[in-house]
Amino acid sequence: MANRGGFSSKLGFIMAAAGSAVGLGNIWKFPFEVGAGGGAAFLLMYLAFCFILCFPVMVTEIAIGRKTQLNPVGAFKALGYKRWSIIGKMGILSGVLILSFYNVVAGWAFGYFIEMVMGNFEVGANFGEYITNVFKIGGYAIVFMATTAYIVSKGISAGIERASKILMPTLFFIIIGLVLYSFTLPNAFKGVQFYLVPDFSEINLEVVFNALGQAFFSLSLGMGALITYGSYVGKKDNIVTSAAFITLADVGIAFLAGLMMFPFVAYLTDGTMEGAAQGPGLIFAVLPGVFESLGPVLGVIVGSTFFLLLSFAALTSTVSLLEVPVTYVVDEHQVKRSRAVWTVAMIVFLVGLPSLMGNGAVEFFTSFVTYPSGETKTFMDLVENLSSDTFLPLGGFMISIFAAYIWKKENLHEEISSGYDGFKTSFVRKFLDVTISYLCPIILGIIFILTVSQKFFGVSLIDKLFY
Ligand code: TRP
């Protein structure tokens, strides 16, 4: 077991898990999903999903990981339910798919750091062109994947855990600064209104589907990443308070990222909010113009620091995404860690190439699929819809059923009690019982069936049932 490593302290685990959770999902994906999902209506759904469905799944994943001290596939086998290790296998597939496009976007962010250092604020207006330069962004993607692989190959507790203790709070303060700045700009109020005042007519199945996927994605749930991380947690640590901290930190940062973005969008569009729904390019198109407005010196400093820290936040997430398949290969197939790391990283990079090329450079991957609804999507959109919006909630669904009915609640309670005296008589226990046994399986199951049949097969079950 020596090569599995471990966290140097409880804080080490929390920081690493929070580092996994906080990343591009909060600062890149969340704002554009809110923008595309009609603003506050999306935000509300997202918050409800995070606290009611995802938090209990997080506690369960960490508990399974700590109990078994294994990777997501081995964990289910060790508990005596070999067939349920399919959850882990699906998780490993999702991890590979997510990392394949995540690494591409991380490369964009890192490239933006360099553009900002050079004072090239025009890159925002030319974002469409920037992402078609496949050699340049391909180079950044290689650098990013190699850095991730290097860190994972050196074991888990080393330098990044320490670095994230300083860098994550710094990112937090920069975002706060930008939020305050955004409030001083003309039309800021219109952006805040878009973000915080819900228009319920905006809610439809698509929005629910995306909000749920976003909640799982942002919290790194549903694929066993936290089973893997939980396997490094000590028996004296309180899983519930750790999970609560991770959830609050993650949701808090996403919330602030939105609070900073929409006033900026309002400012740059004279309050029309046009372009808020533009999708994955949102922050990359908007932020350079904002940094430019700070003047040449301050703009370069704030802009480059922002994208450097964003790249770092992405790095702690790519590390956790790569960690899952690697730990699986090391534990279950007795491959040497360094060999496993570099092989998996290479495969993931290759799987990501169509996502890298499919944003205008290569037409085939750019207009890759047309859904029954008539929407044409890129290869990257398809991978994202399948992995984060479909597989992760499905994983969460299966994990909750497994914990409540197969492994049994009593065993889950037992594990959570270690490090949390009085858990069994607490309100938290009742809340977890209700969510894990009923709310998660029912709500996740219904949303899964409705959306998959509509989105991928063009069958609207709602219409069939009610009209
Ligand atoms: N949560 C990360 C983010 O928001 C992405 C991520 C890291 C992730 N590890 C994961 C998503 C595991 C799902 C599963 O940027």
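The values are calculated or read from the model by the stated rules, or taken from the named source; none is laboratory data. What you see is a predicted model, and the numbers here were worked out from it, not measured in a lab. FYI the Cβ positions are ideal-geometry reconstructions off the backbone, even for glycines, and counts take in every protein chain you see. Areas reflect the complete protein model, heavy atoms only, side chains present, ligands, DNA and RNA absent. Shrake-Rupley method; radii C 1.70, N 1.55, O 1.52, S 1.80 Å.
Shape summary: the stretch 211-270 maps onto an equivalent ellipsoid whose semi-axes, from the alpha-carbon gyration tensor, are 32, 13, 7 Å in decreasing order. Multiplying each eigenvalue of the alpha-carbon gyration tensor of the stretch 77-157 by 5 and taking the square root yields semi-axes of 36, 15, 9 Å, largest first, rounded to whole angstroms. Pairs of Cα atoms in the stretch 302-373 fall into 10 Å distance bins, from 0 up to the last occupied one, in shares of 17, 28, 31, 21, 3 percent. Placing a label point 7 Å from the Cα of Thr305 along the Cα-to-Cβ direction, the residues of the stretch 161-204 whose backbone N falls under 15 Å of that point are 166-181.
Ligands, DNA and RNA left out, the accessible area of the chain computed with a 1.4 Å probe is 68% carbon and sulfur.
Computed from the Cβ-Cβ distance with R0 of 35 Å, the FRET efficiency linking Val335 to Thr132 stands at 0.40. The smallest convex shape that holds all Cα atoms of the stretch 236-287, its convex hull, gives 89 Å³ per residue. Gyration tensor over the Cα atoms of the stretch 12-81: the corresponding equivalent ellipsoid has semi-axes (square roots of 5 times the eigenvalues, largest first) of 30, 14, 10 Å. Translational diffusion of the chain was estimated from the Stokes-Einstein equation, with Rh taken as the Kirkwood radius over Cα pairs; at 10 °C and 1.306 mPa s the coefficient is 71 µm²/s. For the stretch 230-343, taking Cα atoms only, Rg and Dmax work out to 20.0, 59 Å respectively. In this structure, the pairs whose alpha-carbon distance is over 31 Å, taken from Lys77/Lys154; Lys82/Lys377; Lys89/Lys408, are Lys82/Lys377. When only Cα pairs below 8 angstrom with a gap of at least 6 residues are kept, the chain shows a relative contact order of 32 percent. Taking every alpha-carbon pair in the stretch 169-230 and binning the separations at 5 Å intervals from zero gives 4, 13, 12, 14, 16, 19, 14, 6, 2, 0 percent.
For the stretch 267-361, what's the relative contact order in percent, using C-alpha pairs closer than 8 Å and at least 6 residues apart?
13
Extension gain for the segment Ala361 to Asp433, taken as residue separation times 0.36 nm less the Cα-Cα distance, is 21.0 nm to one decimal.
Computed over the stretch 63-216, relative contact order equals 12 percent, with contacts defined as Cα pairs under 8 Å that lie 6+ residues apart.
Would you work out if the stretch 1-149 is rounded, prolate or oblate? Take a ≥ b ≥ c from the square roots of the eigenvalues of the alpha-carbon gyration tensor; rounded if a/c is under 1.5, else prolate when a/b is larger than b/c, oblate otherwise. The shape class here is prolate.
Take the chain with all the other protein chains still there, run a 1.4 Å probe, and you get 38 Å² of accessible area per residue. When the surface is traced with a 1.4 Å probe over the full set of protein chains, Asp463 keeps roughly 80 Å² accessible.
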